[in-house]
Each structure stands twice: as C-alpha cells, then as structure tokens.
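Inspection log for the structure reproduced underneath, given as structure tokens.
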Amino acid sequence: MNVTVETAPTREAASRQDEMYREAAAAFAQTLQRLARGYESDADRRLDLLQEIHLALWQSFEGFDGRCSLRTWVYRVAHNVATSHVIRERRFNSRTLVGLDEIEPPSTGHDGERSADRRIVLEKLAHMIRSLTPVDRQVILSYLEGLDAASIAEITGISAGNVATKIHRIKLLLARRFHQGGHDGK
C-alpha cells in the first residue's frame with residue numbers, strides 16, 4: 001500500500017499560491033469588476049464571469065514565476081478567461097461579434113437627441129466596447145485601466161507599436177460612432 005505524505009515544499013507552495021491570490025484579489029478587485037463589466041452586460045452572467053476569473057487567477061499562481069509583474073499576470077489571466085467566456089457565449093447564443101467598422105451603439109430612446117445623463121452615455125460606450133472583437137476589447141479595456149502600450153503588449157502578445165495603433169484607431173472609431181449615433185456617415 002502506497003501512502004503519499006504531503007511534504008513541506010508542497011504546503012509552502014500552496015501557502016504561497018493562496019497569499020499571491022489574496023494580494024492580487026485585494027489589489028485588483030475593482031479592476032476585475034470593471035473588466036467583467038466590459039465583457040458581459042448581463043448582471044448574473046457578469047458575476048459568474050467574475051467568479052471564473054477569480055478561480056482561474058487562484059489556480060494560475062501555482063505556475064507564477066515572477067517573470068512579469070503581478071499586474072501583467074492578473075490582466076493576462078483575467079482577459080484570457082473573459083475572452084473564453086465571450087467565445088463560449090457566442091457559441092451558445094450564435095451572436096456575431098463585429099469588427100471595428102461594424103459597431104452599432106444601442107438606442108438611447110431619445111432618437112438622436114444627445115443626453116447629458118452620465119449613466120446613459122456610459123452604457124452606450126460600454127455596449128460599443130462589448131461589440132468589439134476580443135483582442136480589440138482587451139486592448140481598449142486595458143488602456144482605459146491606465147496601462148501603457150508596453151504593458152498591454154506584454155498582456156496581449158502583440159507589439160507595443162501595434163497596440164498604440166489599435167488604441168488610436170479604436171478611440172477614433174468609438175468617438176465617431178458615438179457622436180454620429182452609430183452611423184459611419186460613409
């Protein structure tokens with residue numbers, strides 16, 4: 001009969017994993033909530049997504065070796081989980097994701113009238129961002145969290161120059177679409 005005895009390094013590794021998770025969860029709680037809101041509009045599904053992100057984050061610290069910053073690690077794990085969530089939801093709902101040039105904002109109910117109501121404006125922008133393809137969504141949400149192009153490049157795996165170009169194009173597109181009520185004017 002073989003009996004496996006837990007060794008000290010295993011307990012230490014588990015303790016380190018738990019501590020790393022606690023540190024990350026405390027430091028990035030609000031960021032992770034905003035990220036989940038950027039990927040999922042339904043409140044119940046958003047909570048499920050946030051829970052998936054936290055579970056994946058905890059599990060990921062078993063392999064965290066410190067070659068990147070804690071912030072980069074958290075963003076990378078969270079965006080990967082959120083992207084997988086979008087793809088899974090897309091399969092179930094047969095909802096089509098669109099490219100940057102195809103974004104349509106939701107109707108505000110005021111038929112072209114610009115509303116000063118901050119909540120409506122933010123919902124409109126959030127809807128437009130959720131309509132982006134996963135990589136564009138990841139880039140703009142990271143940018144909105146205050147990350148620079150180099151950090152976003154490290155998270156996404158695309159070059160910093162490409163990140164900067166994408167940010168510029170996404171900002172222009174979102175601004176144009178927002179102010180034109182979702183119409184390109186072409």
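Couple of notes before you dig in:
- Looking across segment 29-71, the residues that are within 22 Å of Leu125 (Cβ to Cβ) and in contact (Cβ under 8 Å) with a residue 40 or more places away in the chain come down to Thr31, Leu32, Arg34, Leu35, Ala36, Arg37, Gly38, Tyr39, Glu40, Ser41, Arg45.
- Test: residue in segment 121-136 that is at pLDDT below 65, farther than 26 Å from Ala153 by Cα and not assigned by TED's automatic domain parsing to the domain that holds Ala26: no
- Those residues of segment 10-64 which are within 15 Å of the chain's Cα centre (by Cα) and β-branched (Val, Ile, Thr), in sequence order: Thr31, Ile53
- Residue that is surrounded by the most Cβ atoms within 10 Å (Cβ to Cβ), among those in segment 13-68 that are in contact with a helix residue (DSSP H, G or I) (Cβ under 8 Å, 6 or more places away or on another chain) and assigned to a loop (DSSP other than H, G, I, E, B): Phe61
- Filter result for the condition that a residue is in contact with a His (Cβ under 8 Å, 6 or more places away or on another chain) and touching a residue at least 12 places away in the same chain (Cβ under 8 Å), over Ser142, Ser131: Ser142
- Leu100, sole failed condition from (1) at pLDDT below 75; (2) exposed (fewer than 14 other Cβ atoms within 10 Å of the Cβ): (2)
The values are calculated or read from the model by the stated rules, or taken from the named source; none is laboratory data. The structure presented is a predicted model; accordingly, all values stated were derived computationally and were not measured. So basically every Cβ, Gly included, is an ideal-geometry build from the backbone, and we count neighbours across all protein chains shown.
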